[in-house]
Amino acid sequence: MNCHHISTRLSVEKIATDGFLTMVSEPERYSEVKVDSNWRVVVIDKVGREAILGNPGHRQTLALAVFNGLRKTSKLQFPTFFDNPGSNIADVNKVADYFWEDDLGQMVMLSHSGGLKEEETMEKYGEKLSGAWRVVYDSEGSSSIIEELM
């Protein structure tokens with residue numbers, strides 16, 4: 001195997017492990033993220049076994065961590081999109097904080113169904129935001145109005 005591919009995988013593993021353990025709601029259960037030569041991704045538990053991620057929030061967090069590892073390793077600048085960051089992730093604020101700390105380009109978060117709370121988010125990140133909008137649905141749910149918050 002090409003040395004470059006090995007170093008790329010190791011870089012993705014390191015970044016993904018850091019991100020996963022920072023963002024996941026129960027980091028004490030896990031030790032690292034591994035990427036094999038076929039780019040199969042697994043999480044290793046505290047005793048060195050492959051962890052079964054039954055929690056959908058942990059699976060979603062793993063996907064975000066690996067995506068971020070690929071993004072950082074590629075050294076390319078492109079926006080990061082999160083649709084419904086609170087749907088499964090137990091602590092969406094950990095995820096938002098992790099990606100805000102990176103400051104590696106645009107981040108677009110589409111938050112609904114239990115995601116980021118509007119007032120808290122505007123207070124915490126308001127000065128960093130380039131724009132924010134609210135979608136309001138009519139009483140029948142058949143149409144919507146987009147309100148610009150900033």
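The values are calculated or read from the model by the stated rules, or taken from the named source; none is laboratory data. Just so it is clear, the model here is predicted, and its values are computed rather than measured. So basically every Cβ, Gly included, is an ideal-geometry build from the backbone, and we count neighbours across all protein chains shown. To get the accessible areas, we keep the full protein, side chains included, count just its heavy atoms, and leave off ligands, DNA and RNA. Shrake-Rupley method; radii C 1.70, N 1.55, O 1.52, S 1.80 Å.
Data overview
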| read-out | value |
| --- | --- |
| Residues within the range 136-150 that are in contact (Cβ under 8 Å) with a residue 12 or more places away in the chain and farther than 19 Å from Q106 by Cα, tallied | 2 |
| Output for the range 115-134, where each listed residue is part of a loop (DSSP other than H, G, I, E, B), surrounded by 11 or more Cβ atoms within 10 Å (Cβ to Cβ) and modelled with pLDDT of 80 or more | L129, A132 |
| Qualifying residue in the range 33-52 (condition: open to solvent by less than 50 Å² (accessible area, probe 1.4 Å), within 18 Å of Y98 (Cα to Cα) and of a type outside the set (A, V, I, L, M, F, W, C)) | no |
| Hits in the range 53-69 (condition: open to solvent by 50 Å² or more (accessible area, probe 1.4 Å), touching a Ser or Thr at 6+ places or on another chain (Cβ under 9 Å) and either within 16 Å of M107 (Cα to Cα) or assigned to a loop (DSSP other than H, G, I, E, B) (or both)) | N55, F67 |
| Breaking point among (1) under 21 Å from E101 (Cβ atoms); (2) crowded, with 19+ Cβ neighbours inside 10 Å; (3) among the β-branched types (V, I, T), for T80 | (2) |
| Residues of the range 5-32 classified as over 18 Å from the mean Cα position of the chain (by Cα) and surrounded by 16 or more Cβ atoms within 10 Å (Cβ to Cβ), total | 3 |
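Condition check ((1) in a loop (DSSP other than H, G, I, E, B); (2) modelled with pLDDT under 75; (3) within 22 Å of T22 (Cβ to Cβ)) across all residues:
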| residue | (1), (2), (3) |
| --- | --- |
| N88 | yes, yes, yes |
| G105 | yes, yes, yes |
| M109 | no, yes, yes |
| S113 | yes, yes, no |
| V136 | no, no, no |
